[in-house]
Amino acid sequence: MKWKSARSHWRGFVPAALLLCGVGLFPSAHAAEEFDPASHADIRKWVDGVSGDGISRDDVTQALRHAQFRQEVLDAMQGAAERRLSWHEYRDIFVQPKRIQEGVAFIREHRDAFARAEREYGVPPAYIAAIIGVETRYGQHKGRHRVLDSLATLAFHHPSRGEFFRGELAAFLEITLDQGISPEAPKGSYAGAMGYPQFIPTSYRAYAVDFDDDGRRDLWDDPVDAIGSVGNYFAEHGWRRGAPVVTPADGPETPPQTIDFNRTRAPYMTLAALADAGIQPRGELDASHVIPLSLALESGDYRYALGHENFYVITRYNHSYLYAMAVTELAADIQALLDKDDA
């Protein structure tokens, strides 16, 4: 880690956004105490553990002194769209004509990067674009929350996932200080996801790539690095080149209660068991197990589909079948428009 070498850089750095908003150089007394290890035993214990791994105590403490508690972050964690929307409501957010058109434009603008990502990682451009399109509308909306505030709040105030977010906070500080970025500067989602593809810090550290060879893995401002990093993420999680993602299926009017639908697990249901319940794929399948999906439509009816290994890979990005289906459909629509334009 290069914490020491970055230390003088970020301590003297004032993000332009803070100046524009009229925020002072120093946190308020309340903010300074909120995450001060000297005032909170649990934070002090965490800093001890992180410092024991070779991270400078001074650097961590200095970053925490600038972190601010955000109640809206905790509130947002309770109302994620994946938890409260039906399929047709979720789909209408992300699979829209404008987002499809923007996806085509994004691929054309970065054609070489997408082509290279497909060669190296086996992931079609439409799927990489769909991920970035769902996450940030191709970089137009990367998040409004300071990542430092979000992660500190979740690390020490989330009722059940504090340990997870403490790991994310440590990874975030490592990334920013190693790259010479002020920990106060980056903004992202309420959960601390960052950049074009909204990687959480541990994913950033593990899967981000310097795809344009400029010496830096930059997912905040470099779409080429983002394209390569999404491809790498999928490949590392088992994406199968040329394999299907979802197969349409037919089934009964109401989803059978004997079938465990919509699980974000590796394919787990046999075709024979599904056939016994009246669910049949449209066409022949070269698969022994699939992920059965039942999708609630606005009419009150249901649509059926069968997810394959590549569908499961998409759920590794976001553990929601709604998310994976939105990415799948957006990718299909982007590809269809690309094909139409090229015809």
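Since every read-out is calculated from the coordinates, none of them should be taken as a lab result. All values reported here derive from a predicted model rather than from experimental measurement. Positions of Cβ are generated from backbone atoms using ideal geometry, with glycine treated the same way; all protein chains shown enter the neighbour counts.
Assorted remarks:
- Modelled FRET efficiency - R0 41 Å, residue 275 with residue 210, Cβ distances, 0.05 increments: 0.30
- Debye, to nearest 20: dipole size of the stretch 106-210, +1 on Lys, Arg Cβ, -1 on Asp, Glu Cβ: 320 debye
- Tilt relative to the chain, helix 321-342 - C-alpha long axis, 0 to 90 degrees, to 10: 70 degrees
- Crossing angle, helix 41-52 versus the chain [Cα axis fit, 0-90 degrees, rounded to tens]: 90 degrees
- Counting Cα-Cα pairs of the chain in 10 Å increments starting at 0 gives whole-percent bin shares of 5, 23, 29, 23, 14, 5, 1.
- Relative contact order computed over the chain (Cα-Cα under 8 Å; 6+ residues apart), in percent: 19 percent
- Between helix 125-136 and the chain: long-axis angle, C-alpha atoms, 0 to 90°, nearest 10: 50 degrees
- Its relative contact order, with pairs defined as Cα atoms under 8 Å and 6+ residues apart, puts the stretch 128-220 at 31 percent.
- The orientation-averaged projection of the convex hull spanning the C-alpha atoms of the stretch 249-298 amounts to 3.8 square nanometres.
- The simple Förster model, with R0 at 41 Å and r as the Cβ-Cβ distance, assigns residue 178 and residue 88 a FRET efficiency of 0.40.
- Relative contact order of the stretch 103-146, pairs being alpha-carbon contacts under 8 Å that are 6 or more residues apart, as %: 33 percent
- Principal axis dimensions, largest first and in whole angstrom, of the stretch 213-252 by Cα: 53, 18, 14
- Each principal axis of the Cα cloud of the stretch 142-271 was evaluated for its coordinate range; sorted largest first, these ranges are 56, 40, 22 Å.
- 13 Å cut-off, amide nitrogen to a point 7 angstrom out along residue 289 Cα→Cβ, residues in the stretch 308-343: 308-309, 312
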